[in-house]
Amino acid sequence: MKARFLSRSLREKLLVLGCAAAFGVVWLIGASGRLVQQTRVWRGLAAARSEQEQWFVNRSAIEARAARAARSLEPGRTLDATHLIGEVSALSAASGLAPGIDSPRTERAGPFAYHKVQVNFRRADLGALVNFYEALGRRAPYLALEQCALTADRANPAQLNAYFTIFSVEVSPGDATN
């Protein structure tokens, strides 16, 4: 191979070396990009591991706070997913709003069950939304607003389209005393 390369003219040698150099540069750029990406992944994993270690270190304190919170809640006043929808519907009707309610989603963590529901109000007045928000606040900590987005209605900018994510916490009566 070396003899073949040396037998070529200077122009051909420079062309072959230029192509080899170009391929080398392209490979190095790709390799450095992959290295940077892998470094980011490693840093993200290290951060996640550090966070998880903090959760494990604080596990007993977290469990103690959860047990205190469970004891402070009255299990009879907590709402399951079905009662959450009923309560949101009742609060909406009392505020003069017609809600669009999505299916609830439930997450369980120890003695607690967190139920979330997306509620939409189309073409609502600001006063009715404020009344709904205040009624929702009176049901805390059993019922609370997690997320809210308001947009002006395109047809009538004096009215609002509101999107709420409301959650309720449920404690089983047997788990509240643990």
Counting residues that are under 33 Å from the mean Cα position of the chain (by Cα) and at pLDDT below 95, which helices (runs of 4 or more DSSP H) fully inside segment 1-103 reach at least 1? 10-57, 59-72, 81-95
Output for Cβ contacts, cut-off 8 Å, separation at least six or different chains, first residue among the β-branched types (Val, Ile, Thr) in segment 66-88, second at pLDDT below 80, reads Thr78/Val171
Test: Tyr142 is within 22 Å of the chain's Cα centre (by Cα) and surrounded by 12 or more Cβ atoms within 10 Å (Cβ to Cβ): yes
Test set (1) of a type outside the set (Gly, Ala, Ser); (2) under 21 Å from Asn161 (Cα atoms); (3) assigned to a strand (DSSP E or B) - Arg108 fails condition number: (2)
Any hit, segment 131-138, residues being in contact with a Lys or Arg (Cβ under 8 Å, 6 or more places away or on another chain) and aromatic (Phe, Trp, Tyr): no
Could you say whether any residue in segment 38-59 is out of contact with any Lys or Arg (no Cβ under 9 Å at 6 or more places or on another chain) and surrounded by 11 or more Cβ atoms within 10 Å (Cβ to Cβ)? yes
Output the residues belonging to segment 106-154 that are under 17 Å from Ala81 (Cα atoms) and β-branched (Val, Ile, Thr). Thr106, Val117, Val119
Note: among Asn161, Asn131, just one is surrounded by 15 or more Cβ atoms within 10 Å (Cβ to Cβ), of a type in the set (S, T, N, Q) and part of a helix (DSSP H, G or I), namely Asn131
Among (1) surrounded by 10 or more Cβ atoms within 10 Å (Cβ to Cβ); (2) touching a strand residue (DSSP E or B) at 6+ places or on another chain (Cβ under 9 Å); (3) not charged (D, E, K, R), there is one condition Ser103 misses while meeting the rest; what is its number? (1)
Scanning segment 111-128 residue by residue, those within 25 Å of the chain's Cα centre (by Cα) and part of a loop (DSSP other than H, G, I, E, B) turn out to be Pro111
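The values are calculated or read from the model by the stated rules, or taken from the named source; none is laboratory data. Bear in mind that the values here come from a model prediction, so they are computed numbers and not experimental data. All Cβ positions, glycine included, derive from the backbone under ideal geometry; neighbour counts span all protein chains shown.
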